[in-house]
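Accompanying notes for the structure given below.
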Amino acid sequence: MSEPQLDRQVRRRLAVLRHVEEVSGNVAMTYRYFGISRPAYYTWLRRYEADGVDGLRDRSRRPRTSPNATHVDVVEKIVHLRQHYHFGPGKVQMYLRRYHDVDISRSGVWRILHRLDMGRLPASQRYKRRDLRWKRYEKQRPGHQVQVDVKFVEPLPKAGKTGVSLKPVGRRGKFYQFTAIDDCTRLRVLTIYPRNNQKTAIQFLDYVLSQLPFAVETIQTDNGAEFPSVFHWHVLDKGIQHRYIKPRTPRLNGKVERSHRIDTEEFYRLLDGAVIDDANVFNAKLKEWQDYYNFGRPHGGLDGQAPYERLRQKTQVETPAV
C-alpha cells in the first residue's frame with residue numbers, strides 16, 4: 001500500500017518509527033521530539049511488528065464486556081416495532097413497558113435506533129413542520145363530545161390459492177369505515193359498510209349509542225353528504241346535540257382523523273391481503289382491532305394508557321377516608 005493511500009494518523013505513527021531507525025537512533029529523543037509518550041511509542045512498535053501497517057490504525061475502544069448494555073432480545077423487539085409499525089422512541093417505550101415488562105428510557109431507545117441507522121422514518125411518516133400550530137384540547141368528561149367520520153377503504157380482493165391477490169371486478173370490494181371516538185377517553189367504535197349514505201350513518205349512530213358505556217351529549221361531524229338534515233334530525237331526536245365543524249378544517253375533527261391514520265399504519269397495512277372481499281369477515285377482523293385499540297393498545301395521548309383504562313380512571317369514585 002502506497003503512503004498516499006494511508007490515513008493521516010497512520011502516516012504520522014509510521015514516521016515516528018522511521019525517525020528512530022533512520023534519523024535519531026534514540027527512542028527518548030524521538031518521542032520527545034514528536035511530543036508523544038514512551039508507552040505510546042512501544043505500543044505502536046509492537047503492533048507494527050505484529051501486523052505491519054494495519055497495526056498502526058486506530059482500534060475500537062469499545063469495552064470487551066458491557067454488563068449494563070441493553071439485552072439483545074430487547075433490541076430485537078425495538079427493531080421489530082420500528083420496522084413493522086414505524087413507532088417512535090416514546091411509543092416503543094410504552095409497548096415494552098406494557099407488554100414485556102421492560103423499563104427503558106426514550107433516550108435509550110433513540111440511541112439504539114440511531115446506532116442501527118434506523119433513526120429516520122419513511123418520508124410518509126416523518127413529522128411535518130407547520131408554520132401555524134393549533135392548541136390541543138381534551139374534554140374532561142366521557143361522552144361530552146364524540147367525533148364521527150368516515151374512512152374510505154381501498155378494495156381488498158380475495159387471495160387466490162397461490163397467495164397472489166386477484167384484482168376485484170367492477171365495484172366489488174368498496175367499503176367505508178364509520179368511526180366514532182370519544183373526545184375524553186379515546187374509546188372508539190368501528191363498523192364497515194358497503195355504502196356511504198345517510199341510512200348507514202343513522203345505523204352507525206344507533207350502533208354507537210348501544211356500544212358506548214356512557215351517555216353521549218354531543219356528536220361532532222364534518223359537512224359530508226352522509227351527515228345532512230335527516231341524520232341531523234335523527235341525532236336531535238335522540239336528545240343529543242349535533243355540531244358541524246367549519247368547512248375545510250378537518251383538524252377540528254383531529255382525534256378521529258388521527259385515529260384513521262393509526263388504522264392505516266397499524267391495521268390495514270399489516271393485513272397483506274388476508275381480508276377477503278366480504279363485509280362480514282371484514283367487520284369481524286375490524287372488531288378484533290377495535291377491541292385491541294380500546295383495551296390493550298397504549299395511547300400516546302393518554303400517557304400510555306389504553307382508552308378503557310382512561311375511562312376507569314375518569315369514572316372511578318373516590319372513597320372518603322374513614
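Laboratory data are not the source of any read-out in this text; all were calculated from the coordinates shown. Here the structure is a predicted model, which is why all the values come from computation and not from measurement. Don't worry about glycine lacking a Cβ; one is built from the backbone with ideal geometry, like all the others, and counts go over all protein chains shown.
Descriptive notes on the structure:
- First in the range 14-36 and closer than 23 Å to ASP58 by Cα, second anywhere and among the charged types (D, E, K, R) and not in a loop (DSSP other than H, G, I, E, B), Cβ under 7 Å, 6 or more apart: TYR31/ARG38
- Among residues of the range 233-246 that are within 14 Å of ALA215 (Cβ to Cβ), those with a beta-carbon under 7 Å from a residue that is of a type in the set (D, E, K, R) at least six positions away or on a different chain give the pairs ILE240/GLU217; GLN241/GLU217.
- Only one of the numbered conditions (1) in contact with a Cys (Cβ under 9 Å, 6 or more places away or on another chain); (2) under 20 Å from THR200 (Cα atoms) is violated by ARG310, and that is (2).
- Note on the range 182-274: enclosed helices (runs of 4 or more DSSP H) holding 3 or more residues that are under 22 Å from LEU302 (Cα atoms) are 254-266.
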